[in-house]
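The values are calculated or read from the model by the stated rules, or taken from the named source; none is laboratory data. Note that the structure is predicted; figures quoted are calculated from it, not measured. Note that each Cβ is placed from the backbone with ideal geometry, even for glycine, and that neighbours are counted across all protein chains shown. Keep in mind that these areas ignore ligands, DNA and RNA; they rest on the heavy atoms of the full protein, side chains included. Shrake-Rupley method; radii C 1.70, N 1.55, O 1.52, S 1.80 Å.
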Amino acid sequence: GDVAEACHHFGVVGLPYGVLSGGTLTGKYITGEATPRSRQNLSPEFQPRYNGPLAVEATKAYAKLAEAWGLTPTELAIAWARDRWYNAGVITGTTSPKQVEECLAAFRLETLPTELCEAIDAIHEQYRSPTTTLVNKALLLAA
């Protein structure tokens, strides 16, 4: 994609921070596991793009794929970011020891199989840029 091309062209590496999209890609907001202290529940106006209809549908697709491969959605997202050749590391944000353990589990996984990465790419093509808000945050959330 664009990031890989830029990294190659300019000779830089990526250091993604937000690979879980404010906690959305953990799946906790679609499964009801989010607590009142979860980031999006504490600050619903912070990064509302992750709660938009397309983002929710994309998250459901990624969570279903993760489950089919015996992974958690968190493991899938972090391992995918870890495996990109242009990323030098992955920054995660956690608020509990349980989240730290799940993030560490993702780093302990072997490189994701090509077949799984192709399935991730297919979901990405279906829901390209699901968090983009071009007009109005309230309009996005009301959709």
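Dipole size of the chain about its Cα centre, with +1 on Lys/Arg Cβ and -1 on Asp/Glu Cβ: approximately 560 debye, rounded to the nearest 20. Put a dot 7 Å past the Cα of His9, heading toward its Cβ, do the same for Ala105, and the two dots end up 3.9 nm apart. Rolling a 1.4 angstrom probe over the protein heavy atoms with all chains in place gives region 1-67 an accessible area of 62 Å² per residue. Judged by the mean number of other Cβ atoms found within 10 Å, the most tightly packed of the peptides 46-57, 119-130 leads the ranking 46-57, 119-130. The accessible surface of region 1-53, taken with every protein chain in place and a 1.4 Å probe, is 57 percent carbon and sulfur.
Distance from the Cα centroid of region 4-18 to that of region 23-48 is 28 Å (rounded to whole angstrom). When you restrict to C-alpha pairs under 8 Å that are six or more residues apart and normalise by the size of region 41-110, the relative contact order lands at 26 percent. Mean projected area of the convex hull spanned by the Cα atoms of region 1-75, taken over all viewing directions: 6.2 nm². In the chain, taking the dipole from charged Cβ atoms about the Cα centre, the farthest positive-side position among Leu76, Gly23, Ala63 is held by Gly23. Within straight-line reach of Lys98, meaning a Cα separation under 18 Å, sit the following aspartates and glutamates at least 8 residues removed in sequence or on another chain: Glu33, Glu75. Measuring between their Cα centroids, region 104-134 and region 71-97 lie 11 Å from each other. Rounded to the nearest 20 debye, the dipole size of region 14-75 about its Cα centre is 100 debye, using +1 on the Cβ of Lys and Arg and -1 on the Cβ of Asp and Glu. Counting 0.36 nm for each residue step from Tyr17 to Phe46 and taking away their Cα separation leaves a gain of 8.9 nm. Label separation (Glu118 vs Thr35): 4.1 nm, computed from points 7 Å beyond Cα along the C-beta direction. How big is the Cα convex hull of the chain in projection, averaged over all directions, in nm²? The Cα convex hull of the chain, projected and averaged over all directions, gives 9.0 nm². Contact order for the chain, expressed relative to its length and based on alpha carbon pairs under 8 Å spaced 6+ residues apart, stands at 33 percent.
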